[in-house]
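Peer 1: Please find one structure pasted underneath; my questions will follow.
The values are calculated or read from the model by the stated rules, or taken from the named source; none is laboratory data. These figures come from a predicted structure and were not determined experimentally. A quick note on method: Cβ atoms are made from the backbone with ideal geometry, for glycine too, and the neighbour counts reach across all protein chains shown.
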Amino acid sequence: MREEKEITGRCVTRREFLKRAAGVAAVGLVGAGSGSLLEEAFAASKPAKSRVVLVTHKKVLAEGWQMNLQVLQEMMDEGMKKLTREKSASAAWKKIVKPNDVVSIKWNELGGPNIRSHQELMDACAAAARSVGVPEDKVLVWSRSQRVPDAYKGWSEEYKFPNGKSTKIGSVLDKHTTCLINLPVVKTHSSTGFTCALKNHMGSNSNPGQMHSWDSSPAPMWENIAYINNTPGIRRCTKLIIADATRPLFNGGPGDDPAFRWDYHTLVCGTDPVAVDRVCIDIVDEKRKAEGLPPADVGRKCVELAGQLGIGSYDLAKIEIVKLELA
């Protein structure tokens, strides 16, 4: 008989809180009817607002699909300082990454060579992790679970979703990674409406093909994406998101279409994947409105559900947005 765990959002969060903060052994998942003391303790452990930093520099894009390395480094340094409230980039990275971490840098490869995560951004994050003291072999840069190093391959137990779907999560995230740096690309998607930090984990699981069901199905993809992000390993190890909004896609997708790209010259940095996605989908919808297109409503349902599950903040009143214009 296969072993399954039901993923219902709040339960996983409480369980993780008990392990980290109270040192209480959690046997199974905590039910939704837990007492108010636990609710108050968990609420007290979270910051009042999720900070999301938008760093813009008009010269970040060089020729073709290249980035200006000097400008990129400046954007990352200033963004990390503002995100962590530290005075130096070195101190900022030390707040996110620890020397004993196993660091996963999860990038996005789908859609074509000109709409995937920039190599320069991946390299800069890997260098930052090593500068903190993480050994070379503990800095893992990968896109889909089958591309991880052999020592970290494999799958978790099966997680069952409330909508009847189930999946396994790559062991690299479920068991090994202690610091996940998520590097999504901001773009629309013909099936999910929108793809950024949350959707970037479609491929961190064992059966992405079975997750691709339409909005009218009993278990639509936008629900499945939220539930994938609610699995314990992904929730536990997510420490940083740097969304590439230098040249987003505002229609179609996930494949590239130059007719629907626009220069936005921005990196969106945060520690809360829901807050980052909320800010980024608002950016896309503003552009879609200007172009006479309807909002990316299906994608918004995914982000809103992730917020309801307690993965992060969807409510703008609980998101602190900081904008840096460097040039």
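Peer 1: Taking the condition of a type in the set (A, V, I, L, M) and either modelled with pLDDT of 95 or more or within 30 Å of residue 155 (Cα to Cα) (or both), does residue 327 pass?
Peer 2: No.
Peer 1: Determine whether region 50-71 contains at least one residue that is within 29 Å of residue 169 (Cα to Cα) and either assigned to a loop (DSSP other than H, G, I, E, B) or of a type outside the set (Val, Ile, Thr) (or both).
Peer 2: Among the residues of region 50-71, at least one is within 29 Å of residue 169 (Cα to Cα) and either assigned to a loop (DSSP other than H, G, I, E, B) or of a type outside the set (Val, Ile, Thr) (or both), which makes the answer yes.
Peer 1: Would you confirm whether or not region 289-308 contains a residue that is more than 28 Å from residue 84 (Cβ to Cβ), in contact with a helix residue (DSSP H, G or I) (Cβ under 8 Å, 6 or more places away or on another chain), surrounded by fewer than 24 Cβ atoms within 10 Å (Cβ to Cβ) and without any contact (Cβ under 8 Å) to a residue 24 or more places away in the chain?
Peer 2: Checked region 289-308: at least one residue is more than 28 Å from residue 84 (Cβ to Cβ), in contact with a helix residue (DSSP H, G or I) (Cβ under 8 Å, 6 or more places away or on another chain), surrounded by fewer than 24 Cβ atoms within 10 Å (Cβ to Cβ) and without any contact (Cβ under 8 Å) to a residue 24 or more places away in the chain.
Peer 1: Another question, if that's okay. Look at residue 282 and say whether it is surrounded by fewer than 18 Cβ atoms within 10 Å (Cβ to Cβ), touching a residue at least 40 places away in the same chain (Cβ under 8 Å) and among the charged types (D, E, K, R).
Peer 2: no
Peer 1: Right, another one. Take region 148-164 and flag every residue that is without any contact (Cβ under 8 Å) to a residue 60 or more places away in the chain, charged (D, E, K, R) and in contact with a strand residue (DSSP E or B) (Cβ under 9 Å, 6 or more places away or on another chain).
Peer 2: 153
Peer 1: Starting from residues that are over 17 Å from residue 195 (Cα atoms) and basic (Lys, Arg), keep the ones in region 275-327 and report whichever is nearest to the chain's Cα centre (by Cα).
Peer 2: The residue in question is 318.
Peer 1: Hey, does region 113-123 have a residue that's acidic (Asp, Glu) and assigned to a helix (DSSP H, G or I)?
Peer 2: Yes.
Peer 1: Same structure again: Tell me the helices (runs of 4 or more DSSP H) entirely within region 228-327 that contain at least 3 residues that are in the same structural domain as residue 53 (by TED's automatic domain parsing) and in contact with a Cys (Cβ under 9 Å, 6 or more places away or on another chain).
Peer 2: 273-290
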